[in-house]
Amino acid sequence: MSSLPLIIVNPASASGATGEAWPGVASAVRRHFGPFEVAFTQIGGGATEIAEREARAGRKLVIACGGDGTISEVANGILRAGAGARTELGLLPSGTGGDFRRTLKIPARAADAARHLREGSTRVMDAGRVRFMNPRGEEESRFFVNVASFGMGGDVINRVKSRSGPAAGAARLLGGKASFAAAALQAALTFEKPAVRVSLDGGPQSQLTVANFCVANARYFGGGMKIAPDAKVDDGRFDVVAVGDVSSLKVLANSYRLYLGTHLGMREVRHALARLVRAEPAGPDPVNLELDGELVGRLPAEFELLPGALRVRSPK
């Protein structure tokens, strides 16, 4: 096993822009970070398989080059290998959302991110594990490091990933943040808010109608929305944020508050801290679930906080 860091590159990230930019990124990383080895993903979930294999073999630093989905896959591989205490996760951001890097204050520019990889310190952080129903109707378990959500967030991600309509045009012209904003505008006008039953830390169930429900380990999701402004990745608790039965007009009128992180003061928004969250549909329609910016399945789901599960290279 090589002692060099391994960079796992998802060339399909950011609609293929990561692959196109890789030669320049690689040059910047060699110049500002030093020597490394590289592996390119070929299929969805490939980063998880590579990271798990390398972590089991004893690789000390595995770096994710891609968006939030790629970062999540690499973290899943490390955690599936049971190597969270010995294999460090590094970030070389490139993707549509870039939400997890915002919480860790990792810059988007490759040269700056490479310097942080070289000069940064090791930070022990929490992770989440969620059990849910996958699209085949089977129970599945995955880890997440940023935000898990159900409600309108899944519809927004589906629109961004499909690259159709205004979201696609915004992505090409203005980048990821505009892509998510355009998709959120579409979703706010058409999304039918589901009724769900939720319990926190084993307490009694509450029935809610939600525009969106977030179980947050970090602060941002949806291309820069500061959904959990007080979240800390190392405090041993999820920040649970429920945006309730808000009209489309009010969602649009207050969308700026999501980016500023001032929405917690709204009457329709609830905020709590918890280590265990259970959620199930309260009606006949399926409720889609997204983890770290990827649609993975649907409710029912159980979200469990894993304190100090992962080590990540972050700025000092």
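The values are calculated or read from the model by the stated rules, or taken from the named source; none is laboratory data. Keep in mind that what you see is a predicted model, and the values were worked out from it rather than measured. Cβ coordinates were reconstructed from backbone atoms using ideal geometry, including for glycine residues, and neighbour counts include every protein chain displayed.
Is there a residue being in a helix (DSSP H, G or I) and in contact with a Lys or Arg (Cβ under 8 Å, 6 or more places away or on another chain) anywhere in region 297-305? The answer is no; no qualifying residue exists.
Applying the selection to region 90-120, what residues are outside any helix (DSSP H, G or I), touching a residue at least 60 places away in the same chain (Cβ under 8 Å) and buried (at least 22 other Cβ atoms within 10 Å of the Cβ)? If you could, list the steps in order and put the result at the bottom.
Applying the first criterion (outside any helix (DSSP H, G or I)) to region 90-120 yields 90-98, 105-109, 120.
Checking which are touching a residue at least 60 places away in the same chain (Cβ under 8 Å) leaves us with 90-92, 94-98, 105-106, 120.
Once the filter is applied, which keeps residues that are outside any helix (DSSP H, G or I), touching a residue at least 60 places away in the same chain (Cβ under 8 Å) and buried (at least 22 other Cβ atoms within 10 Å of the Cβ), region 90-120 yields GLY90, LEU91, LEU92, SER94, GLY95, THR96, GLY97, GLY98, ILE106.
Scanning region 121-133 for residues that are within 18 Å of ALA75 (Cα to Cα) and buried (at least 18 other Cβ atoms within 10 Å of the Cβ) gives MET125, ASP126, ALA127, GLY128, VAL130. Among the residues of this structure, ARG257 counts as one that is without any contact (Cβ under 8 Å) to a residue 24 or more places away in the chain and over 16 Å from the mean Cα position of the chain (by Cα).
Of note, VAL196 does not satisfy the criterion of being at pLDDT below 95, surrounded by 15 or more Cβ atoms within 10 Å (Cβ to Cβ) and over 20 Å from GLY97 (Cβ atoms).
How about region 61-83: which of its residues are surrounded by fewer than 23 Cβ atoms within 10 Å (Cβ to Cβ) and under 13 Å from VAL312 (Cβ atoms)? Result: LEU61, single match. Scanning region 19-60 for residues that are surrounded by fewer than 18 Cβ atoms within 10 Å (Cβ to Cβ) and in contact with an Asp or Glu (Cβ under 7 Å, 6 or more places away or on another chain) returns GLY45, LYS60.
Pull up region 280-289, narrow it to residues that are assigned to a strand (DSSP E or B) and at pLDDT 95 or above, then point me to the one that is nearest to PRO135 (Cα to Cα).
Here is the first cut: in region 280-289, the residues assigned to a strand (DSSP E or B) are 280-281, 288-289.
When the remaining residues are screened for being at pLDDT 95 or above, the result is 280-281, 289.
Working: GLU280: 16, PRO281: 15, LEU289: 10 Å.
That would be LEU289.
Scanning region 92-130 for residues that are touching a strand residue (DSSP E or B) at 6+ places or on another chain (Cβ under 8 Å), among the polar types (S, T, N, Q) and over 16 Å from ALA17 (Cβ atoms) returns SER121, THR122.
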